[in-house]
Structures are given as C-alpha cells and as structure tokens.
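Each remark here refers to the structure printed beneath this line.
The values are calculated or read from the model by the stated rules, or taken from the named source; none is laboratory data. Predicted model only: the values in this text are computed from it and were never measured. Cβ sites come from the backbone with ideal geometry, for glycine too, and all protein chains shown count toward neighbours. What goes into the accessible areas is simple: the full protein's heavy atoms, side chains included, and nothing from ligands, DNA or RNA. Shrake-Rupley method; radii C 1.70, N 1.55, O 1.52, S 1.80 Å.
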Amino acid sequence: MESSSILVVLLFILPLVYLYFHKIRLSCKSKRLPPGRTGWPILGESLEYLSKIQQGIPYEFAKERMNKYSSTVFRTSLIGQNMVMFCGAEGNKFLFSNEKKLVQVWWPCTMDMIFPKSDNRPSSEHSKKLRKMLPVILRTDVLREFVGTMDAIMKDHLQKYWNRKNVNVSDLAKKYLLTLACSTFLGIDDERKVDELAKGTEDIGSGIHSMPFNLPGTALNRAIKASKIMRKEVEAMIHQRRIDLSENNSPSPSPKDFMSHILLEKDDNGQFLSDGDIASHLIGLVQAGYTTVHSTIIIMMKYLAELPDVYNQVLLVKKPNDRLSWEDLWKMKYSWNVALEVLRVYTPGTGSFREAITDLVYDGYTIPRGSKIHWIFDATHKNPECFRDPEIFNPSRFQGDNIAPYTFVPFGGGSRMCPGNEYARLAILVFLHNVVKKFRWEKLYPGEEVVHYPVPRPAHGLPVHLIPHKP
Ligand SMILES: *[C@@H]1O[C@H](CO)[C@@H](O)[C@H](O)[C@H]1NC(C)=O
C-alpha cells in the first residue's frame, strides 16, 4: 500500500520534472548557434567550397548543408574563419537592411595583404572614407558627362584593334576597360602606362579570392607582388599630379579628375592621405571597375554569338547620329536586360561578407558578435523559386517588374550596394552598342568552356571571327 502510493506520486511528479527541465532546454534553444560543422582546423571546409566555386556551383555547397542542417542559415569555416552562411532572399534582406545596425561589411584579410594601408587598419574601415569620396566621380550627373568620352574611347579602340578577321574578345575587352578605368579614375590616357597597369590586374583578381596564406607560388603571393608593382607606378603618377596641382594653383579640380580630388581630401584628423594609401585605393578602384565588367562583357559576347535572336534584338536599337549620349543608353533596355541576365547566370564573384557587430538572432539562431557572415549570389540567382528555369538564358525575364525584391543581387544591396553599378552600365552599353553596330561574330572554338574562377570567363578568352555588316 505504502509503496504503491509512492509510485503514483512519482508517476505524477516525474512528467512535471521532465517538463520543467525540457522547458529550460527549450529556452536555451533560443540561444542556440546555427547548425553546421567547421571541418578541419584552419582549412575548415574551404577546400570543398573552393572546388565547388571552381566548378561554378557554389550553391551546391550551400544546398547540401541547407538540406542537412537548416534551409536558411548554417555554420561552417572558410578561408581560416568561422563563418555563418545566409541562404536566400530573406537572408539578403536581413543583411542589407541591417547594415550598421546589426552587421557591417567585412572583407577577407587577403584584401589587406594585397592593398595594404599605412596605418594597418583593415580595408573595410578605409573603404568607408573612400565611399564618401566616390560619389564625386560615380554620381550620375558626373558620369553622364563621361558618356561622350567613353564613346570616343571605344570608337578609337574599334579603329585601332578590330580591323581584322579574328580577334580575342577577352584581350580587347580588357584593353578597352582598362583604358576607360585609367581615364576615369586616374586621369591618364598614356597607352604605355595603361598596358603597364594591365599586367597586374589578373593576378590581383585571383589573389583576392584565395586562401590567406602568403607562400611562394600561391595566388595570393602573385597578387601581392603585382599590387606592389602597380602601387609604385601609381605613386609616381600621384607625385606628378601633386606637382601639377601646386603649379596650377587650381584649388577645385573638375569632378572628372578623381585623382586630384582624392589628393586634396583630408581624413577625420585633418591630414591628407598618404601617397601609398591613395595608390592602394586607386588600384582597388581600377580593379573593381575592371574585373567584374570584363567578365560580363565577354560572356555577353559569347551569348550574342550563340543566340541570333538575342543578337538581332540588340541590333534593332536605332540611333540617328553616331555619337552616343546618356539618353541613348537609357533607351537600350533590351541590351541592358541581356547584361542583367548575364549577371544572373554568370555573376562575377561568388558572394560577399558581413560581420555581426552585436549578438543577433536570425531565424531563431543566435549569431554572436564578431561572427563573419557570408552570403552568395547563386542562392537566389540559381534558385527556381526566385527565377523560373534558372539555367536558361532568357533576357526577357527582366522585362517589366517580375523580379522579387532581394532575389537579384549582383550589386549587393542596402546602403552598401556597389557604388559602381552605373559606371558598369555605361561601360557595358557603350562597348556593346559600338561592336554590334559594326559586326556579327562567330566563335572560333564552338565548344569553348566557361571557367568560373576567380570570375566567369571563356577558357580561351573567346576568340571570334568577325563579320562586318554590309553597308
Ligand atoms: C586570348 O587572350 C587571353 C588573355 O586575355 C589569353 O589568356 C588567351 O590565351 C587568348 N586566346 C587565344 C586563343 O590566343
């Protein structure tokens, strides 16, 4: 009798005790970290991720883990950092709308190694200052004035280098874009100097996306060397510009002369930036204005060779006189949709990074302050829920307003949206219009593959046979 009543009490109490502890566990759960694994020490899951990036399928890396752990966010370790990966439009929205509140832009330390600054502060801090100055040159009304110059540069370039049967599109697009970037950002049009600077850009591009180990023979090592050589060149230009400025005594240079602007800019302590820092900034700018646009232009040229319907629609643009204006470029809606579709299917780069500046909660998971967060373009660009038949190249999908917010993000978003997207638009359309007006073209290697790393590009640089239009 005695023992059976104890049993009844126990049976009654045990569930309560269980519930009590379970509740504590549940409340702990709201502080849980995102699920996932960090893999090997230091290397983490970098090698698996890099190999997916090289095959052009970084989203596969994410999808495997989204299936295994959580469809919205998971934990991993990349490029020597514990990393939280956000997957999808909701994640993009969260990151873009919480800039400076919960997160801030972060770059892998490879950036600081390639573009070192005198005070050893990280690039992300310097970039804030730079972004304050950038509008001077990337402002729409300033760029608007540049269209004529861009068009003249392109026409001159066509004259000089496209009068032959076969051309290497990668080489020529590179020449055009670097001439343009040097003219816009550095104010130089000396071809020899442009070629000099061109040599380093490829190496730097590869280094930015590599593992942060500076060992001989690595991509990072080559990038650091290339950047050093370029900085020397640019420092010499800066030196010359300082002399010119002091001789001219012109206190306010035209907005077109970005180098002079940045030379006259003072930092928060009222100090001028050092020549070395300015050189690092300017090379970073030239790099940013070149690599991604280069990839976009070559892939566009590839599709225009493969898809006559798309080519014909681009060709349709009527243009009474031959000199392009800013207004003309606005009328090239279809051409720009082709560029947007290229940016969706072959987005240059993989994604971008943020850092949590406070403990934050996302989708029920706690992400501690200081965590690095990675988001990737393909999580929406290649997601059938965001873009129907994502593998099909179809510029018309950008007609009208069919694109859901935070799904098409090649320029990032929020306050840290790429400030150069207008520059990129003009550079691409000026190139495309002028080439299409003169030629059709056929691929010399019909089955030429696209390699994906560090940015997408045809494996042999897209050699093509040019067919001039009949007069
Ligand atoms: C075209 O130029 C690129 C460099 O821009 C080079 O890597 C490639 O080998 C060239 N292709 C051919 C077929 O010469």
Report summary line: So the carbon and sulfur contribution to the accessible area of the chain, 1.4 Å probe, in percent, is 56 percent
**Report entry** Relative contact order (%) - the chain, alpha-carbon pairs under 8 angstrom, separation at least six
**Finding:** 24 percent
Query raised in the report: Sorted by packing (mean other beta-carbon atoms within 10 Å per residue), highest first, where do 96-107, 438-449 land?
Result: 96-107, 438-449
Requested in this report: Give the accessible area for Arg75 in Å² (nearest 10); use a 1.4 Å probe, count only protein heavy atoms, and leave out ligands, DNA and RNA.
Outcome: 70 Å²
Report summary line: With every protein chain in place, the accessible area of Glu355 for a 1.4 Å probe, in Å² rounded to the nearest 10, comes to 40 Å²
Query - Binned Cα-Cα distance frequencies in the range 35-468 - 10 Å width, integer % - result: 4, 20, 31, 27, 14, 3, 0
Query raised in the report: Given a 1.4 Å probe and the protein chains all in place, what does the accessible area of Asp359 round to, in Å² to the nearest 10?
Result: 100 Å²
Report summary line: Nearest 10, in degrees from 0 to 90: the angle of helix 2-29 to the longest Cα principal axis of the chain is 10 degrees
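Could you give the dipole magnitude of the chain about its Cα centre, charging the beta-carbon of Lys and Arg +1 and that of Asp and Glu -1, in debye to the nearest 20? Intermediate results must be reported in sequence, preceding the final value.
Values: 61 positive and 50 negative charges, 90 e Å.
Approximately 440 debye in magnitude.
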Requested in this report: Treating the angle as unsigned and between 0 and 90°, give the value, to the nearest 10°, between the Cα long axis of helix 219-248 and the longest Cα principal axis of the chain.
Outcome: 50 degrees
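Please sort 231-237, 168-174 by packing, taking for each peptide the average over its residues of neighbouring beta carbons within 10 angstrom, highest first.
Working: 231-237: 18.3, 168-174: 20.9.
Highest-to-lowest ranking by the protection proxy: 168-174, 231-237.
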Report task. Note the angle between two axes, namely the Cα long axis of helix 191-208 and the longest principal axis of the Cα atoms of the chain, as a number of degrees from 0 to 90, rounded to the nearest 10. Result -> 10 degrees
Report task. With a 1.4 Å probe and every protein chain left in place, work out the accessible area per residue of the range 324-471 in Å², rounded to a whole number. Result -> 43 Å²
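Greater than 19 Å separation of Cα atoms is the criterion. Which listed pairs, Lys331/Lys443; Lys165/Lys470; Lys175/Lys232; Lys68/Lys372; Lys155/Lys199, meet it?
Beyond 19 Å: Lys331/Lys443; Lys175/Lys232; Lys68/Lys372; Lys155/Lys199.
For the range 43-110, what does the alpha-carbon gyration tensor say about shape, rounded, prolate or oblate, given a ≥ b ≥ c as the root eigenvalues, a/c under 1.5 as rounded, and a/b over b/c as prolate? Provide the component values of the computation, followed by the final result.
Details: a/c = 1.92, a/b = 1.29, b/c = 1.49.
It is oblate, given that a/c is not under 1.5 and a/b is not larger than b/c.
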